[in-house]
Amino acid sequence: MKASANTLEKNKTKKTFRELGLLVFLIVLCVIFQAINPTFFTWENLADMLRNTSILAILAVGMMMVMVTGGIDLSVGAIVALAGMVSALTVQYVPQLPAFIAILIGMGVGLGCGAVNGVLVAKGRIIPIIATLGMMNVFRGLTYLISGSKWVSAHQMSDGFKSIATGGIGPINTLIIIAVIVVLIFYYFLNYNRTGRYIYAVGSNPESAVITGIKKDRILIMSYTLLGLLAGLAGVLWVSKFASAQGDTATGYEMNVIAACVLGGVSVSGGTGKVGGLLLGVLLLGVLQNALPLINVSTFWEDFIQGIIILVAILLNISVKRRADKNALKRREI
Amino acid sequence: MKKWMTVVCLLVVAAFVFAACAPAAETTSQAPESSAPAEDGTEAGAEASTGTEAAAGSGKHAIVFKNTGNPYGEKEMEGFENAIKEAGQEAILRAPDQPTAEGQIQIIEELIAQGVDSITVVANDPDALQPALTKAMQAGIKVSAVDSGVNAQSRELFVNQAGSELIGQALMDAAYDMCGGSGEFAILSATSQATNQNAWIEALQKIMEGDEKYKDMELVKVAYGDDLRDKSVSETEALLQSYPDLKCIVAPTTVGIAAAGKVLTDKGLAGKVALTGLGLPSEMAEYIDNGVCEYMFLWNPLDLGYLAGYTAMALTDGTITGAAGDKFEAGTLGEYTVVDASDGGTEIILGPPFRFDSANIAEWKDVY
Amino acid sequence: MSKMASLNKRTNVELDRSVLERRLEPKKFFLQWEWLLVAILVVILIVNGSVSDYFRGTQILDATMNFMDKGFMVLAMVFVILLGEIDISIGSTAALCSVIMAVAYNAGMPMELSLVLCLAVGLGCGYVNGILVAKYKEVPSMIITLATMTIYRGIAYIILEDQASGGFPDWFQYLSWGYVGPIPFSLLMFIVLAVIFGLLLHKSAFGRQIYAMGNNETTSRYSGIKVDRNKIIVFTLMGLMAGVCALFLTSRMASTRPNVAQGYELDVIAMVVLGGVSTAGGKGNMPGAILAVFIVGYLRYGLGLINISAQVMMIIIGLLLIGSVLASNFLLNRPKALPKK
């Protein structure tokens, strides 16, 4: 809502990278971490970091889409758990099942969950934060119920299933590849596809979007469904990566995903958000999770430091943007 | 159309409010008869201390675990239920959805209102439950703790899986053994607030400092994985990065040890960095079979819950009062004696932790 | 989020009129959200009373002790959400207040002063949130409070590390466990505060300004309302109530740790929204939110009395949230968040 058509236009005319402040901050942060612990910038550590961040990236892309429509989805963590649990249970009972079918099952579950969210928001006209908060409880409860409060452990999973997350092409892990593919697809979809552009239209001005003939409800349902689909995918990858499915998988993870989006410049009021900025937000969180244990601060300081870094990143980014906007205005005056 | 939707919505709201309560009405079918004499039930039990059977069928015993959806907890509650059912009494199994003391306080209040005969808690916080449990004891309810204890003032008896010294010693010896007598090792714990883990780590550190034998061992870091998979993995990776000479990781928590096992497996570090600690056999079977973890420990949660169940019943029927020296029969587990605990209260000790290795993991991995 | 409401182009005056109209017309009077909430509450109480034998007499009052701590935060959260803002740092604020109070008391500060300190810390945390939200308008309050949430909790961890702190004097337990006659002290306190907050919202100029700001912040600014000042006041109030919550929570547990009150923010927000306050800002009232506190509280307590498992309870609470909002959308003639095409 903040991004009226006006700001959108400004975004387009002004070619400067709006998340410049964040990029600089991220680089400075990495330099500091490297100075404290030289093992930070090693191939192995970076590979670990990217692998751990890839699931976050997949979820963040979907969340960005929903946030661009002006909504939010608090149930992603629960969908990850439910989809992961369903596919793990399937694998447990049908060990010879090919891995990609397990992925499809997980994605199917996610799709269904996402569609429920979408219908509640679009047709039920429930505010997204409440609809998804409610469904978060429902999905999480269902996960506990279908698993009978048991976990699916490593020895109950087939090797094929576990190798989804351990395999790779050359030195690059499958998780990273999947994340990159997802990001590329959605980059194209959101920037060059008509339906993708409709999402921005619905987010920046729902009224005019409806007047111009965009089927707002359909776009909303689609956004939530796609996020559900990605959450389902993430759920299977999560379970495969950790070789364990628990009822409380990814509890509270939605906050990480939302934080990544917002750090990356996605507005919670809808209409704005770019894949490029988003990736920076995801990377910032990934670097923090990876580096905080490395720099060997006391565990009790970790939360505080993480909070301060996020706050500084947000405020810095804002001041850079303010300056950029001012410059842009000046240029226009000339 | 609109009216139709209205009716449907209202029906849905009404339906689940009632549906929620309907099944429960069946599960507590015995409740009406037993509720009335609930208050004097304990007295009656105490009088009938000579014959334990006298109280059978009328007692209601509740266990409150840390949180729901935890297979270890499910087994512990199952053991508790088995014990209570053997005696023909009624068991109530509860747990909050999140591992918080706040959630447990509310459950304890609900149990007090129901007039149960005993409450057994697996506490999320040793001190925070004190007012609630004191209220329960004042209402004549017998309160005991199991597994993760509460402070001495808020319980009549603690059913301890094994003293923290015993666990600390086992973990220290395992680290010593796996490091070959000298070298760096690290601990990967649950949250920094986890009382059990903190007690064990403290015991381990005391043992290490107090014995010449361990002078070449160096504990480089206590990392906290918060019992989250992703954080435990990050912490393990950071340990491996920061301490290239690390010889062993000790993880006294079920999520942490499995996450560390997964990292060591993926990085092909079996044989280079050893792993031990406390873990669920089902979760660890994979990593014990592939050699990442040579052996690890745990007690049988079924037995622990079972013992807690008999303890609750013995307290209720007056066989024991919770004073040191009291003896009672705990079903198939045999006779147990109440002893003084280090915190000033009294406790019953189940026994030393059980060691799981490649020889016995196959028979346990499907049990719990 | 506040801009969402501005789509309605409803000014303050129009709002007053529409509220007035609804109040006067008998048919619409009974079709208000609050009546639905009352109905749900009555149903829950009746079902509780009939299904479990224990829900009688004083139990109805005693049960409130279990959810009053969240109730206090609901009172202030109504203001925050009416502005179209949100504060998710309240759980952390409560934890920080509680930890500082305990540490101060154990360092020799008299208990009475420690209580004041607890409230002061809450006030301070809220003030910081307010300043940041008012100063950085581009950043949604959700994000600012997401950051301060981590920071406040982080400070609590730094102070107490892995320790618990307690040992309060006996009278302190009275807050959450004591009675005035048959009424729990915490409930009495809640009623008093609820009346004060209700009057502040519905009978004072400040309250009217909050509604105006929630409906259209820009218009409010131009019509002379001190928008920034009011925002800071509201967030500071929120912090203060987190401090009050900390008092009662700490009293209930007789000790504290850095990880108390975790996840309280979502429970509180859910109660406020269930009470009919729109997250888009500008719509909703205090009685609705207060009813919602009792609905969620009694539902949870009632389900607990009949020993429903936590997983089923989660599903029921989730469905209640969705079902009741759905019902309100289709049953009641509430002004829509977005105009229909």
Legend entry - Residues satisfying the stated conditions in the stretch A:294-318, i.e. farther than 19 Å from C:T93 by Cα and within 25 Å of the chain's Cα centre (by Cα): A:L294, A:V312, A:A313, A:I314, A:L315, A:L316, A:N317, A:I318
Inset, instruction - Go through (1) more than 13 Å from chain C (Cβ to nearest Cβ); (2) open to solvent by less than 50 Å² (accessible area, probe 1.4 Å) and name the single condition B:A190 misses. - result: (1)
Legend entry - Only one of B:I84, B:I63, B:I119, B:I107 that is under 21 Å from C:G297 (Cβ atoms) and either within 19 Å of the chain's Cα centre (by Cα) or assigned to a helix (DSSP H, G or I) (or both): B:I107
Inset, instruction - Restricting attention to helices (runs of 4 or more DSSP H) lying wholly within the stretch C:32-128, give those where 1 or more residues are within 25 Å of C:R153 (Cα to Cα), within 14 Å of chain B (Cβ to nearest Cβ) and touching a strand residue (DSSP E or B) at 6+ places or on another chain (Cβ under 6 Å). - result: C:90-106
Inset, instruction - Look through the stretch B:90-104, keep the residues that are within 9 Å of chain C (Cβ to nearest Cβ) and in a helix (DSSP H, G or I), and return whichever of them is nearest to B:E347 (Cα to Cα). - result: B:A101
Legend entry - Condition met for B:G163 (open to solvent by 10 Å² or more (accessible area, probe 1.4 Å), closer than 18 Å to B:L204 by Cβ, among the small types (G, A, S) and in contact (Cβ under 8 Å) with a residue 24 or more places away in the chain): yes
Inset, instruction - Pick out the one residue from C:L96, C:L75, C:L132, C:L83 that is in contact with a helix residue (DSSP H, G or I) (Cβ under 9 Å, 6 or more places away or on another chain), open to solvent by less than 10 Å² (accessible area, probe 1.4 Å), among the hydrophobic types (A, V, I, L, M, F, W, C) and closer than 30 Å to A:T272 by Cα. - result: C:L83
Inset, instruction - Looking for whichever is modelled with pLDDT of 95 or more and in contact with a helix residue (DSSP H, G or I) (Cβ under 8 Å, 6 or more places away or on another chain) here; the options are C:V244, C:V272. Which one fits? - result: C:V244
Legend entry - Complete set of residues in the stretch C:301-310 that are on the phi < 0 side of the Ramachandran plot and either surrounded by fewer than 22 Cβ atoms within 10 Å (Cβ to Cβ) or in contact with a Cys (Cβ under 9 Å, 6 or more places away or on another chain) (or both): C:G302, C:L303, C:I306, C:I308, C:S309
Inset, instruction - Taking the residues in the stretch A:186-236 that are hydroxyl-bearing (S, T, Y), surrounded by fewer than 18 Cβ atoms within 10 Å (Cβ to Cβ) and within 14 Å of chain C (Cβ to nearest Cβ) as candidates, determine which candidate is farthest from the chain's Cα centre (by Cα). - result: A:T212
Inset, instruction - Consider only pairs whose beta carbons are under 9 Å apart and that are at least six residues apart or on different chains; among these, list those whose first residue lies in the stretch A:139-151 and is modelled with pLDDT of 90 or more and whose second residue is open to solvent by 30 Å² or more (accessible area, probe 1.4 Å) and among the charged types (D, E, K, R). - result: A:R140/A:D248; A:R140/B:D97; A:G141/B:D97; A:T143/A:D248; A:Y144/A:D248; A:Y144/B:D97
Legend entry - Residue tally, condition among the aliphatic types (A, V, I, L, M), assigned to a helix (DSSP H, G or I) and either under 22 Å from A:Q34 (Cβ atoms) or open to solvent by 20 Å² or more (accessible area, probe 1.4 Å) (or both), over the stretch B:234-255: 3
Inset, instruction - Among the candidates A:I129, A:I164, A:I169, single out the residue that is hydrophobic (A, V, I, L, M, F, W, C), surrounded by fewer than 19 Cβ atoms within 10 Å (Cβ to Cβ) and on the phi < 0 side of the Ramachandran plot. - result: A:I169
Inset, instruction - Please state which of the following conditions B:T321 fails to meet, knowing it meets all the rest: (1) in contact (Cβ under 8 Å) with a residue 60 or more places away in the chain; (2) within 17 Å of the chain's Cα centre (by Cα); (3) open to solvent by 60 Å² or more (accessible area, probe 1.4 Å). - result: (2)
Legend entry - Residue within the stretch B:256-263 that is within 14 Å of chain A (Cβ to nearest Cβ), free of Cβ contacts under 8 Å to residues at least 40 places away in the same chain and assigned to a loop (DSSP other than H, G, I, E, B) present: no
Inset, instruction - Go through the residues of the stretch C:183-198 one by one and say whether even a single one is more than 22 Å from B:P126 (Cα to Cα), open to solvent by less than 60 Å² (accessible area, probe 1.4 Å) and over 20 Å from the mean Cα position of the chain (by Cα). - result: yes
Legend entry - Residue match in the stretch B:294-310 (condition: touching a His at 6+ places or on another chain (Cβ under 9 Å), open to solvent by 10 Å² or more (accessible area, probe 1.4 Å) and more than 28 Å from B:L333 (Cα to Cα)): no
Inset, instruction - Could you tell me which numbered condition A:V287 fails, if it satisfies all but one of (1) in a helix (DSSP H, G or I); (2) facing another protein chain (nearest Cβ under 9 Å)? - result: (2)
Inset, instruction - May I ask you to list pairs of residues, at least six apart or on different chains, whose Cβ atoms are under 6 Å apart, with the first in the stretch C:290-315 being part of a helix (DSSP H, G or I) and the second being of a type in the set (V, I, T)? - result: C:V293/C:V74; C:I295/C:I40; C:Y298/C:I44; C:L299/C:I44; C:A310/B:T68; C:Q311/B:T68; C:I315/A:V138
Legend entry - Any hit, the stretch A:48-67, residues being within 12 Å of chain B (Cβ to nearest Cβ) and farther than 30 Å from A:N117 by Cβ: yes
Inset, instruction - Examine the stretch B:217-226 for a residue that is surrounded by fewer than 24 Cβ atoms within 10 Å (Cβ to Cβ) and farther than 17 Å from A:T299 by Cα, and state whether such a residue exists. - result: yes
Inset, instruction - Assess whether A:F161 counts as being facing another protein chain (nearest Cβ under 10 Å), over 18 Å from the mean Cα position of the chain (by Cα) and under 19 Å from A:T249 (Cα atoms). - result: no
Legend entry - Failed item in (1) more than 27 Å from A:M63 (Cα to Cα); (2) in contact (Cβ under 8 Å) with a residue 12 or more places away in the chain, with A:D159 passing the rest: (2)
Inset, instruction - List the number of the failed condition for A:L175; all other conditions in (1) open to solvent by less than 20 Å² (accessible area, probe 1.4 Å); (2) farther than 27 Å from A:A102 by Cβ hold. - result: (2)
Inset, instruction - Among the residues of the stretch B:81-96, write down those that are within 21 Å of C:I308 (Cβ to Cβ) and charged (D, E, K, R). - result: B:E81, B:K85, B:E90, B:R94
Inset, instruction - Grab the strands (runs of 3 or more DSSP E) fully contained in the stretch B:138-199, keeping just those with 2 or more residues being touching a strand residue (DSSP E or B) at 6+ places or on another chain (Cβ under 7 Å) and closer than 17 Å to B:P301 by Cβ. - result: B:142-146, B:157-160
Legend entry - Where a residue in the stretch C:242-254 is more than 9 Å from chain B (Cβ to nearest Cβ) and its partner, wherever it lies, is of a type in the set (V, I, T), with Cβ under 8 Å and at least six apart: C:A242/C:I90; C:A242/C:T93; C:G243/C:T93; C:G243/C:V121; C:C245/C:I90; C:A246/C:T93; C:T250/C:T256; C:T250/C:V260
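The values are calculated or read from the model by the stated rules, or taken from the named source; none is laboratory data. No experiment lies behind these values; they were computed from the predicted model shown. Because the Cβ atoms are built from the backbone with ideal geometry, glycine has one as well, and the counts that use them run over all protein chains shown. Surface accessibility is based on the protein's heavy atoms, side chains included, excluding ligands, DNA and RNA. Shrake-Rupley method; radii C 1.70, N 1.55, O 1.52, S 1.80 Å.
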